[in-house]
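Quick notes on the structure that follows.
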Amino acid sequence: MATVAAFTALAVAACSGGSDAGTDKASGPTTVKVWAWYPSFQKVVDLYNKTHTDIKIEWTNAGAGQDEYTKLQTALKAGKGAPDVVMLEFQELPTYQLTKHLVDMGEYGANDLKSKYVDWAWKQVSTGDKVYAIPVDSGPMAMLYREDLFKQYGLTIPKTWDEYKAQAEKLKTASSGKAFMTDFGANDGGFLTGLSWQAGAKPYTYDTANPSNIGVTVNDAATKQVLTYWEGMVNGGLADTKAYGTTDFYSGLGSGKYVTYLAAGWGPGYLASVAKTTSGKWRAAPLPQWTAGANAQGDWGGSSFAVTDQASDKEAASKVAMEIFGADNTDAWKIGIDEAYLFPTATPVLESDAFLKKEYEFFGGQTVNDVFVPAYKAIAPFSWSPFNSYNFNQLTTGLNQAIEKKSSWTAALDTAQTNITQYATQQGFKVQ
């Protein structure tokens, strides 16, 4: 996780160019250096280079998530060594916007793409007419469930969270406590945020157009509602607490220990890769609602392509960011969907027959995107902070400590609120 010193150093770093990414256009194509960790990305790069004569992409996998961000921060501080185009998750964009290391692609025609994305996704990457990144993938949430185990234990598909808990109690009795309704991975800040997002939480009020002010309410009523609910599920023996990404978690998905998996749009492909022996047994259903008949949704994950201020040919770099997974780049998206498990943000891709009618063998031939696409379109706008690494660290650390000590989950949230407020003040923000 980012430390106070690392964040401060990045924030005060001078904005300077000097990348050797560009070459003389008269002597050949412009070289654009890209950092990304998307699966099967080499095929996408090869496709772009094959279909373009004016630009050549050089791709580097600089590590996923924080591994890449640490290297990027170092290069930006040094004023050299950063890529021209970089993959950034939505929650990380405000940090780099604040430090003025991202190019406004609105100057190179990016606003012409706005109509190809739903409102909430475009707002993740833009402020007014300034466009700091191009959305690529996202993570609308849904409930993946074991159809065979639902039949075995006499469960019905829950439409509300109250019904979900009732089915969990029924499962506990029917399985003699051997199966859990799901696993609650408290080590993943994105998962926690996605559930709170669905409940209407607004932990931060922040606009890069007014970067010195920030509203901090990570312990708002909606988030407390979510944590109180899951505290009851865990303490009642209805939900497990294995950390996501661990062997125990994978084992639970494959063995029938967990009968549902609250997943993001990339979850179907992920699940198919880690629980291969359960192929054909899973199905997808909408995420349960807090209010019957409502259509509130949350997002877990999502990434974009941004252009750094070290790009010597910012126009060429912007073209790559806009086109490589562009809304009309069907060949690239076939790779992204079939091999990289990406859930696209561009509506032309989302609404295509190739995506909506895609049958998933792992889900018994179900067209699961019929569930995820409506969820994506119903997501409400959401603001991140410019210090998300610290934010996620406070949430996950405090919550895991509460689980271990069996102390109040909402009290842990109040502690996070205090710590994050102090941190923001120390960084020079005016907390509202």
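The values are calculated or read from the model by the stated rules, or taken from the named source; none is laboratory data. Keep in mind the model is a prediction, meaning the values are calculated, not measured. Glycine also receives a Cβ, built like all others from the backbone with ideal geometry; neighbour counts cover every protein chain displayed. Surface areas here come from the heavy atoms of the whole protein model, side chains and all, with no ligands, DNA or RNA. Shrake-Rupley method; radii C 1.70, N 1.55, O 1.52, S 1.80 Å.
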With the structure loaded, tell me whether ALA411 is open to solvent by less than 30 Å² (accessible area, probe 1.4 Å) and either under 27 Å from VAL216 (Cβ atoms) or assigned to a helix (DSSP H, G or I) (or both) or whether it fails that test. no
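Within the stretch 165-186, can one find any residue that is buried (at least 18 other Cβ atoms within 10 Å of the Cβ) and within 23 Å of LYS377 (Cβ to Cβ)?
To start, the set of residues in the stretch 165-186 that are buried (at least 18 other Cβ atoms within 10 Å of the Cβ) comprises 165, 167-168, 171-172, 179-186.
Of the ones still in play, those that are also within 23 Å of LYS377 (Cβ to Cβ) are none.
Looking through the stretch 165-186, none of the residues is buried (at least 18 other Cβ atoms within 10 Å of the Cβ) and within 23 Å of LYS377 (Cβ to Cβ).
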Does LYS319 fit the bill of being open to solvent by 20 Å² or more (accessible area, probe 1.4 Å), modelled with pLDDT of 95 or more and under 22 Å from the mean Cα position of the chain (by Cα)? no
Kindly provide the set of residues from the stretch 214-232 that are touching a Phe, Trp or Tyr at 6+ places or on another chain (Cβ under 7 Å) and within 20 Å of ASN419 (Cα to Cα), ordered by number. ILE214, GLY215, VAL216, LEU227
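Listed here are the residues, each with its yes/no results for (1) crowded, with 23+ Cβ neighbours inside 10 Å; (2) within 15 Å of SER138 (Cα to Cα).
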site: ASN329; (1), (2): no, no
site: ASP338; (1), (2): no, no
site: LEU342; (1), (2): yes, yes
site: VAL349; (1), (2): yes, yes
site: SER352; (1), (2): no, no
site: PHE355; (1), (2): no, yes
site: GLU359; (1), (2): no, no
site: GLY365; (1), (2): no, no
site: ASP370; (1), (2): no, no
Residue that is at pLDDT 95 or above and open to solvent by less than 30 Å² (accessible area, probe 1.4 Å), where the choices are GLY154, GLY106: GLY106
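Please work out if THR418 is without any contact (Cβ under 8 Å) to a residue 12 or more places away in the chain, surrounded by 15 or more Cβ atoms within 10 Å (Cβ to Cβ) and part of a helix (DSSP H, G or I).
Considered against the rule, which asks whether it is without any contact (Cβ under 8 Å) to a residue 12 or more places away in the chain, surrounded by 15 or more Cβ atoms within 10 Å (Cβ to Cβ) and part of a helix (DSSP H, G or I), THR418 comes out as no.
Given the criteria part of a helix (DSSP H, G or I) and among the β-branched types (Val, Ile, Thr), does THR74 qualify?
Numbers: part of a helix (DSSP H, G or I): yes; among the β-branched types (Val, Ile, Thr): yes.
In short, yes.
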For the stretch 197-246, give me each residue that is in a loop (DSSP other than H, G, I, E, B), under 30 Å from GLN426 (Cβ atoms), touching a helix residue (DSSP H, G or I) at 6+ places or on another chain (Cβ under 6 Å) and open to solvent by 30 Å² or more (accessible area, probe 1.4 Å). GLY200, THR208, PRO211, ASN219
Going through GLY293, GLY302 one at a time, which residue ends up being on the phi > 0 side of the Ramachandran plot and free of Cβ contacts under 8 Å to residues at least 12 places away in the same chain? GLY293
Among the residues of the stretch 31-39, are any at negative phi, out of contact with any helix residue (DSSP H, G or I) (no Cβ under 6 Å at 6 or more places or on another chain), among the aliphatic types (A, V, I, L, M) and modelled with pLDDT of 95 or more? yes
Please name all residue pairs, on different chains or six or more residues apart, with Cβ atoms under 7 Å, provided the first residue is in the stretch 377-390 and is closer than 22 Å to ASN210 by Cβ and the second residue is open to solvent by less than 30 Å² (accessible area, probe 1.4 Å) and among the acidic types (Asp, Glu). ASN388/GLU92
For the stretch 247-264: of the residues being open to solvent by 50 Å² or more (accessible area, probe 1.4 Å) and touching a residue at least 24 places away in the same chain (Cβ under 8 Å), which is nearest to the chain's Cα centre (by Cα)? TYR250
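Looking only at the stretch 287-327, filter to residues that are assigned to a loop (DSSP other than H, G, I, E, B) and touching a Lys or Arg at 6+ places or on another chain (Cβ under 8 Å); which one of those is farthest from MET105 (Cα to Cα)?
Per the stated criteria, the residue is ALA292.
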